[in-house]
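Below is one structure; the comments refer to it alone.
The values are calculated or read from the model by the stated rules, or taken from the named source; none is laboratory data. Computed from a predicted model, the values in this text were never measured in an experiment. Counting neighbours? That spans all protein chains shown, and the Cβs are built from the backbone with ideal geometry, glycine included. Quick note on the areas: whole protein, heavy atoms, side chains included, nothing else; ligands and nucleic acids left out. Shrake-Rupley method; radii C 1.70, N 1.55, O 1.52, S 1.80 Å.
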Amino acid sequence: MSVDEREPNDGPTVAGAQDLGAFSGDETLTIRGTLAKGGNDGSKYTGDLDVFAFTLGQPGTLDVSVDWTDGADVDVAIYDGNIKVLASDGTANKPAKAALPSANGKYVLGVYSKDNPTAYTVTIRYAKAAGGGGGTGTCPTTPLLPATRVAGGCTMDAVTPTCAVADLRNGGSFEIDWTTNQTMCEGPHKLQITGDPPSEANSVTYSYSSSYNGNDARMTPNIGGFAKITAADIATVTSTSGIYYYRVGAFYGSATEARAFQVLK
Ligand SMILES: [Ca+2]
Ligand SMILES: [Ca+2]
């Protein structure tokens, strides 16, 4: 499908964007437009802002590419419905590209020139995720690491369903649960979350003690625990597929399996 840019479309809110409607299935949409003026004062774009809004009806991958004809440095950004940047290309690369491995819901796309006016073509590619309840990529149903049972230790298990979708957009939280199967698993319990590719360096670890009784996390030695995570809690963890993993360990080294879940953020 192909559409032409229509002014006014300078945003910066969803209301000020050109509405592209909803994509319910796999789609490749081309937008032909013109950035009538370029410019950037070091903190913002000062030329023509071409802003588009669209909705993805189901989880999938979103790829955006912008090519142009004239001597210009064109940039692109993908925002959520609150105009928070999710992906962007502010480099001089041609074409300019931005992508979301896990996308679902309302998005806003901005196309800008740092310097000169130019005609451009935006290509938006949306591919629906193949089942799995959301997110994208292949969500492993077998653990990345088997659970470690320490001699004399306890029996910890992950409870959150494999491939569960953590929708952390718009301030959302997601609860991760574990059980000690009524064995004594001394605290603190440590929750480790890693991305894709998984590694110690690409992970965050949170520690919970039995004296911690907040609303967001708790552990009890012979029961288990829970932790509610937000996008901020895993802001430093990256995932090329949108798949993340979590596992929980006890003081003496017993651990749950590393279980996959999908993150929308
Ligand atoms: Ca324009
Ligand atoms: Ca415009």
Per residue convex hull volume, Cα atoms of the range 1-97, in Å³: 111 Å³
Highest-first arrangement of 258-264, 82-88, where packing means the average Cβ count within 10 Å: 258-264, 82-88
Accessible area in the full protein assembly, largest first, 1.4 Å probe, for 223, 176: 223, 176
Carbon/sulfur fraction of accessible area - the chain, other protein chains in place, 1.4 Å, %: 52 percent
Neighbour cut-off at most 13 other Cβ (10 Å), DSSP loop, GluC sites (Glu not before Pro), the range 182-265: 200
Contact order relative to length of the chain, as percent, for alpha carbon pairs under 8 angstrom and 6 or more apart: 19 percent
In order through the range 83-91: 3J(HN,Hα) via Karplus (6.51 cos²θ - 1.76 cosθ + 1.60), integer Hz, x for Gly, Pro: 6, 9, 5, 9, 7, 7, 9, x, 7
5 angstrom amide H check on residue 257, placed H, neighbours 5+ away: 147, 158
Where a label projected 7 Å from the Cα of residue 155 along Cα→Cβ would reach, residues of the range 209-241 with amide N under 15 Å: 222-224
Residue order for 48, 233 - accessible surface, 1.4 angstrom probe, largest first: 233, 48
Net lengthening on full extension, residue 32/residue 216 (0.36 nm per residue, minus Cα-Cα): 61.5 nm
Derived scalar couplings ³J(HN,Hα) [the range 175-181; Karplus, 6.51 cos²θ - 1.76 cosθ + 1.60; whole Hz; x for Gly, Pro]: 9, 9, 10, 8, 10, 9, 6
Separation in nanometres of the label points that stand 7 Å from Cα toward Cβ, at residue 162 and residue 190: 2.5 nm
Exposure rank, largest accessible area first [190, 97; 1.4 Å]: 97, 190
In the chain, lysine pairs with alpha-carbon atoms under 14 angstrom apart (chain gap of 8 or more, or interchain): 7
FRET efficiency for residue 201 and residue 88, using Cβ-Cβ distance with R0 set to 22 Å, rounded to 0.05: 0.35
Simple label model, 7 Å out from Cα along Cβ direction - residue 40 to residue 223, nm: 5.3 nm
